[in-house]
Amino acid sequence: MATAAAPRTDRTPADGAPGATADTAAHQHAFDTAVAAEERIEPRDWMPDAYRATLVRQIAQHAHSEIIGMQPEANWITRAPSLRRKAILMAKVQDEAGHGLYLYSAAETLGTSREELLDKLHSGRQKYSSIFNYPTLTWADVGAIGWLVDGAAITNQVPLCRCSYGPYARAMVRICKEESFHQRQGYELLLALSQGTPEQHAMAQDAVDRWWWPSLMMFGPPDDSSQHSAQSMEWKIKRHSNDELRQRFVDIAVPQAESLGLTLPDPDLKWNEERGHHDFGAIDWTEFKEVLKGNGPCNEQRITQRRRAHDEGAWVREAAAAHAAKHAGSTGWTGATRA
Ligand code: FAQ
């Protein structure tokens, strides 16, 4: 697999930093050359303002998705049908929190702060993935999220391991490994239900019927109305278009559904010999736009719960900050070594 080279060694100062030159054209040239050569752009390197803004937008949206995405599955932790399933689900939900942390840290290397990003999430100025505005009505939804939502997430995120921005690419390597486990546990859960009693099989089928189309929407609008794709692909932030990744996901999911003994809710889904891909039916983009506007089934519930969790966690942040300040005061600036 082609991977980006090691971090660049030239330390081009950022604009405004001591030693910065006014030679933006030279900086732009160095940036373009590095991107073309598959080198990684690092936080210390000069980068166009729009590149920085796009990364903050995408990484923040991704981080927000991870922490909001904890809610639909956490809904089932207390009702998991066995100790084994409960332990797996708790580990998965904790992983999502960890992914949020790696991603907020990656965004912070671009000159923003976690507080600022969370404030933008809570005030609706930044988005999170449309998928997490759907409810988890039955235990089978935990399986459908693992199989389809994490499956779609991996399909989208594996190419992000080759993103031109170093901190984002490196965060994605670990995230993808963990998402892979998430996808498998979902598949295994659905398989157990599908091969269980007729009621369990019906529950699995119902969950897949409800999560299939929203999972296809996760990849974003079709290419001809994706406003950021062309520029993001030129900068090698995105490596494939939304439609390419959506197609890849459909092609992977169809044989997996067959192995599960479940059907996908699309009468137009069929193999196209000529294209070498599955054709699939029209996506309801009106529904997608409504969810993005805040009118999905759970938008209000998700953001209310997130704001509440943030407020209730204030004392933890204050205690951690006080501890850090005390620690810095005792050892931080004196050169003293920690006992
Ligand atoms: N939901 O021009 P494009 C997970 C927005 S996986 C909401 O195509 P772009 C794992 C887009 O922001 C989910 N908004 O945009 C997990 C833009 O609006 P803006 C998270 C969407 O950036 C599993 C506008 O539409 N994964 O969390 C969506 O080039 C289970 C135009 O769109 C990532 O974030 C959507 N689905 O491509 C966790 C992956 N799609 O910002 C817990 C990284 C589009 O101008 C449990 N992100 N929009 O206001 C990406 O790859 C890209 O940002 C895309 C969108 C592909 C999502």
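The values are calculated or read from the model by the stated rules, or taken from the named source; none is laboratory data. Since we're looking at a predicted model, the values are computed, not measured. Please note: Cβ atoms are built from the backbone with ideal geometry, for glycine as well, and neighbour counts cover all protein chains shown.
Of L118, L191, L110, L137, all but one fail to be of a type outside the set (V, I, T) and in contact with a His (Cβ under 9 Å, 6 or more places away or on another chain); the exception is L118. Would you check if T197 is among the polar types (S, T, N, Q) and either at pLDDT below 95 or surrounded by 22 or more Cβ atoms within 10 Å (Cβ to Cβ) (or both)? No; evaluated as a whole, the condition is false for this residue. Remark: D141 falls outside the filter, which requires a residue to be over 17 Å from F219 (Cβ atoms), modelled with pLDDT of 95 or more, more than 16 Å from the ligand (Cβ to nearest atom) and part of a helix (DSSP H, G or I). Whenever a residue of the range 184-200 is part of a helix (DSSP H, G or I), its partners that are hydroxyl-bearing (S, T, Y) and surrounded by 14 or more Cβ atoms within 10 Å (Cβ to Cβ), lying with C-beta atoms within less than 8 angstrom and at least six residues away or across chains, give the pairs Q200/S194. Evaluated against (1) farther than 30 Å from M47 by Cβ; (2) near the ligand (Cβ under 9 Å from one of its atoms); (3) among the polar types (S, T, N, Q), S226 falls short on exactly one condition, (1). Got at least one residue in the range 122-134 being more than 30 Å from L189 (Cα to Cα) and away from the ligand (no atom under 12 Å from the Cβ)? Taking every residue of the range 122-134 in turn, at least one turns out to be more than 30 Å from L189 (Cα to Cα) and away from the ligand (no atom under 12 Å from the Cβ). Scanning the range 58-89 for residues that are closer than 30 Å to T109 by Cβ and either free of Cβ contacts under 8 Å to residues at least 12 places away in the same chain or among the aliphatic types (A, V, I, L, M) (or both) gives I59, A60, A63, I67, I68, M70, A74.
As a summary of the residue check, K177 satisfies the conditions (1) in a helix (DSSP H, G or I); (2) touching a helix residue (DSSP H, G or I) at 6+ places or on another chain (Cβ under 9 Å) except for the one numbered (2). Taken over the range 94-110, the criterion of being in contact (Cβ under 8 Å) with a residue 12 or more places away in the chain and touching a helix residue (DSSP H, G or I) at 6+ places or on another chain (Cβ under 7 Å) is satisfied by D95, E96, A97, H99, G100, Y102, L103, Y104, A106, A107, T109, L110. Hey, any hits in the range 309-332 for a residue that's within 28 Å of I131 (Cα to Cα), among the acidic types (D, E) and either out of contact with any Asp or Glu (no Cβ under 9 Å at 6 or more places or on another chain) or exposed (fewer than 11 other Cβ atoms within 10 Å of the Cβ) (or both)? Yes: the range 309-332 contains one or more residues that are within 28 Å of I131 (Cα to Cα), among the acidic types (D, E) and either out of contact with any Asp or Glu (no Cβ under 9 Å at 6 or more places or on another chain) or exposed (fewer than 11 other Cβ atoms within 10 Å of the Cβ) (or both). When the range 72-92 is limited to residues that are within 13 Å of the ligand (Cβ to nearest atom) and either among the hydroxyl-bearing types (S, T, Y) or buried (at least 19 other Cβ atoms within 10 Å of the Cβ) (or both), the one that is farthest from G124 (Cα to Cα) turns out to be L89.
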